[in-house]
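Reading through the structure tokens given below for one structure.
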Amino acid sequence: MVFRSEEMCLAQLFLQSGSEYDCISELGELGLVEFRDLNPSVSSFQRRFVSEIKRCEEMERILGFLLRQIQKAKIAVPQEDESPLAPPPRQVLEIMEQLQRLEMELSEVANNKEKLQRNHLELTEYTHMLKITRTFIHSRSRHEALGPQYEEFPTMETDSVTGSTGMQRLGAKLGFISGLIQRVKVEAFERMLWRVCKGYTILSYAEVDESLTDLDTGEISKSVVFLISFWGDQIGHKVQKICDCYHCHLYPHPENDEERADVLDSLRTRLQDLNNVLHRTDDYLRQVLQKAAESAYTWVVQVKKMKAIYHILNLCSFDVTNKCLIAEVWCPVSDLANLRGALEKGSVSIT
């Protein structure tokens with residue numbers, strides 16, 4: 001009939017110790033047989049080749065990390081026309097050492113790059129903060145020059161007991177806290193400052209023109225630079241706690257324009273140096289990934305085949321008397337000659 005399968009037979013294989021790996025590899029390349037599990041009552045953790053399978057899984061983990069880094073760098077992984085064979089057991093440790101050394105190197109470079117990017121982001125935010133808060137200070141100075149009708153802290157000035165003159169007599173001094181906050185948090189941040197500090201603060205803020213990347217989430221979002229003026233250390237502590245609750249990025253505020261200009265010059269120099277270091281780091285990382293991408297496809301296929309071989313060997317039973325592995329397979333009768341040829345080839349390769 002059209003739907004009748006090939007005539008099958010159940011064959012028993014005796015695999016000599018030392019050649020069992022190569023024999024299963026040859027059978028796997030042909031794909032002629034289906035193995036039976038001769039250890040149905042033995043759990044997966046108690047079988048003979050558990051440690052070898054764990055080693056393969058560790059290599060798969062490293063290869064997964066490597067492929068993610070290659071994909072992130074947008075590097076193509078070349079594929080071979082022919083599928084590579086499973087590596088001999090004596091080469092497994094060599095491949096493992098190469099992968100571990102490559103993982104360590106990539107992890108170190110990636111960590112250093114992340115630190116450089118965080119430092120670059122902080123310096124960029126600090127630069128925006130200095131440029132924008134300068135406009136806040138100059139704007140207030142122009143208002144003060146218009147005449148005595150301008151009141152910087154009206155709620156404190158109008159209070160006959162705790163007006164600004166009273167605060168000055170008590171020794172309270174004007175303080176500033178400046179930094180950056182995400183644009184979506186500004187309204188809630190402003191309301192919290194007003195409610196907790198009873199209006200004894202002045203909040204000035206402006207949106208940064210450049211979109212900044214959050215390195216923790218990878219999202220690009222708009223940030224806002226703010227400058228908070230307050231009287232006294234007690235109000236300052238409250239403002240500090242509120243800024244911490246809203247995850248603000250705080251930076252020191254210069255006392256005068258000369259100090260601000262010196263800090264800006266220093267920031268420009270440091271940003272330029274960081275950009276150069278980041279470019280060199282990216283070039284080195286790309287070179288390492290390009291070299292690894294040349295062997296990535298071969299490693300992935302080899303580790304998969306090696307893991308499959310050890311899974312098959314776990315299905316076999318061990319004959320203590322003859323020191324060999326016994327396997328049972330279903331095979332088409334017409335392919336028995338090919339089966340014998342694969343076993344002979346695997347047995348000869350050990351020599």
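Considering only residues that are open to solvent by 70 Å² or more (accessible area, probe 1.4 Å) and either more than 16 Å from GLU57 (Cα to Cα) or β-branched (Val, Ile, Thr) (or both), look in the range 299-336 and name the one that is modelled with the highest pLDDT.
Initial filter on the range 299-336 (open to solvent by 70 Å² or more (accessible area, probe 1.4 Å)): 304, 311, 318, 320-323, 330, 334.
Of the ones still in play, those that are also either more than 16 Å from GLU57 (Cα to Cα) or β-branched (Val, Ile, Thr) (or both) are 318, 320-323, 330, 334.
On the way: PHE318: 87, VAL320: 74, THR321: 74, ASN322: 69, LYS323: 80, TRP330: 92, SER334: 89.
Here the answer is TRP330.
Against the conditions (1) open to solvent by less than 60 Å² (accessible area, probe 1.4 Å); (2) in contact with a strand residue (DSSP E or B) (Cβ under 7 Å, 6 or more places away or on another chain); (3) not β-branched (Val, Ile, Thr), where does LEU27 fall short? Just the number, please.
Only one criterion in (1) open to solvent by less than 60 Å² (accessible area, probe 1.4 Å); (2) in contact with a strand residue (DSSP E or B) (Cβ under 7 Å, 6 or more places away or on another chain); (3) not β-branched (Val, Ile, Thr) is unmet by LEU27, namely (2).
For PHE49, only one of the following conditions fails: (1) under 30 Å from ALA327 (Cα atoms); (2) surrounded by fewer than 17 Cβ atoms within 10 Å (Cβ to Cβ); (3) modelled with pLDDT of 90 or more. What is its number?
(2)
Would you kindly identify the helices (runs of 4 or more DSSP H) lying entirely within the range 117-210 that contain at least 2 residues that are open to solvent by 20 Å² or more (accessible area, probe 1.4 Å) and modelled with pLDDT of 90 or more? Show your work before the answer.
Details: elements: 154-157, 164-169, 186-197.
Qualifying helices (runs of 4 or more DSSP H): 186-197.
With the checklist (1) open to solvent by less than 60 Å² (accessible area, probe 1.4 Å); (2) farther than 30 Å from ALA337 by Cα in hand, flag the one item VAL33 doesn't pass.
That leaves (2) as the condition not met.
Quickly run through the range 61-91 and pick out the residues that are part of a helix (DSSP H, G or I), farther than 19 Å from LEU289 by Cβ and modelled with pLDDT of 90 or more. Write out each step before concluding.
Of all residues in the range 61-91, those part of a helix (DSSP H, G or I) come to 61-72, 89-91.
Subsequent filtering for residues that are farther than 19 Å from LEU289 by Cβ retains 89-91.
Matches in the range 61-91: none.
Give the range 239-262 a look and list any residue that's over 27 Å from the mean Cα position of the chain (by Cα) and in a helix (DSSP H, G or I), or say none.
VAL239, GLN240, LYS241, ILE242, CYS243, ASP257, GLU258, GLU259, ARG260, ALA261, ASP262
Limited to the range 211-234, what total is found for residues that are in contact with a Ser or Thr (Cβ under 9 Å, 6 or more places away or on another chain), at pLDDT 90 or above and not hydroxyl-bearing (Ser, Thr, Tyr)?
Final tally of qualifying residues: 4.
Exposed (fewer than 13 other Cβ atoms within 10 Å of the Cβ), touching a residue at least 40 places away in the same chain (Cβ under 8 Å), within 20 Å of ALA342 (Cβ to Cβ) and among the hydrophobic types (A, V, I, L, M, F, W, C): is that true of LEU85 in this structure?
Working: exposed (fewer than 13 other Cβ atoms within 10 Å of the Cβ): no; touching a residue at least 40 places away in the same chain (Cβ under 8 Å): yes; within 20 Å of ALA342 (Cβ to Cβ): yes; among the hydrophobic types (A, V, I, L, M, F, W, C): yes.
The answer is no for LEU85.
In this structure, does ILE53 turn out to be within 30 Å of VAL329 (Cβ to Cβ) and not aromatic (Phe, Trp, Tyr)? It would help to see each step written out before you state the result.
Details: within 30 Å of VAL329 (Cβ to Cβ): yes; not aromatic (Phe, Trp, Tyr): yes.
Taking the combined requirement at face value, the residue satisfies it.
Sort through GLY236, GLY218 and tell me the only one that's outside any helix (DSSP H, G or I) and open to solvent by less than 90 Å² (accessible area, probe 1.4 Å).
Numbers: GLY236 fails: outside any helix (DSSP H, G or I).
One residue alone meets the criteria, GLY218.
The values are calculated or read from the model by the stated rules, or taken from the named source; none is laboratory data. Predicted, not measured: the structure shown is a model, and the values here were computed from it. With ideal geometry, Cβ positions are generated from the backbone for all residues, glycine too; neighbour counts draw on all protein chains shown. Please note that ligands, DNA and RNA were not included when accessible areas were found on the heavy atoms of the full protein model with its side chains. Shrake-Rupley method; radii C 1.70, N 1.55, O 1.52, S 1.80 Å.
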